[in-house]
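Colleague: To start, I am sharing the structure in question, which I have written as structure tokens.
Every number here is computed from the coordinates shown, using simple stated rules; none is lab data. Predicted, not measured: the structure shown is a model, and the values here were computed from it. Positions of Cβ are backbone-derived with ideal geometry, glycine not excepted, and every protein chain shown enters the neighbour counts.
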């Protein structure tokens, strides 16, 4: 059973700023993903993630927290797809998953969106 540990959370401010300045991003509505391929050995974990639910889009803290919780759960159950590719290629990856819709998500719709998103992301990583 996959987990979402502290090592997998991206907290390094320098890496986060590099992540948002890179031009590598995908949009599968209602999620936007930025990614950055890192040099090997720079991070403690091969795949690190930051999850964003902006206050500008979701005004209530309850909605933001629930949205982030649902996104974490979808990521946790599907991260093995990306981790396998990274392990085969000897890469490390930083991801930013942003929720860009103005209403809180439905879990089933979010799962379907994650399937599309991770399929697109694996294709992009395979092409790099």
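Colleague: Roughly what angle does helix 61-89 make with the longest principal axis of the chain, taking Cα atoms, 0 to 90 degrees, to the nearest 10?
Modeller: Taking the Cα atoms of the chain, the angle to 61-89 is about 20 degrees.
Colleague: For a quick check: sort 45, 11, 74 by the number of other beta carbons within 10 angstrom, fewest at the front. Intermediate values should be presented prior to the final figure.
Modeller: Working: 45 15, 11 9, 74 22.
Going from least to most buried by this count: 11, 45, 74.
Colleague: If neighbour count is taken as other Cβ atoms inside 10 Å, put 49, 33, 62 in order from fewest to most.
Modeller: In increasing order of surrounding Cβ atoms, one gets 62, 33, 49.
Colleague: For a Förster distance of 25 Å, can you work out the FRET efficiency between the beta-carbons of residue 102 and residue 20, rounded to the nearest 0.05?
Modeller: Calculated transfer efficiency: 0.75.
Colleague: Pull up the DSSP beta bridges for the stretch 6-127 and report the antiparallel fraction as a percent, rounded to 5.
Modeller: 65 percent
Colleague: Given R₀ = 25 Å, FRET efficiency for residue 69-residue 122 by Cβ-Cβ distance, to 0.05?
Modeller: 0.55
Colleague: I've got another one for you. Would you calculate a helix-derived [θ] at 222 nm for the chain, using -39,500 (n - 2.57) for each DSSP H run of n ≥ 4 and dividing by the full residue count, to the nearest 500?
Modeller: Helix contribution divided over all residues of the chain: -16000 deg cm²/dmol.
Colleague: In angstroms, what radius of gyration and Dmax does the chain have, counting Cα atoms only?
Modeller: When restricted to Cα atoms, the chain yields Rg and Dmax of 14.0, 41 Å.
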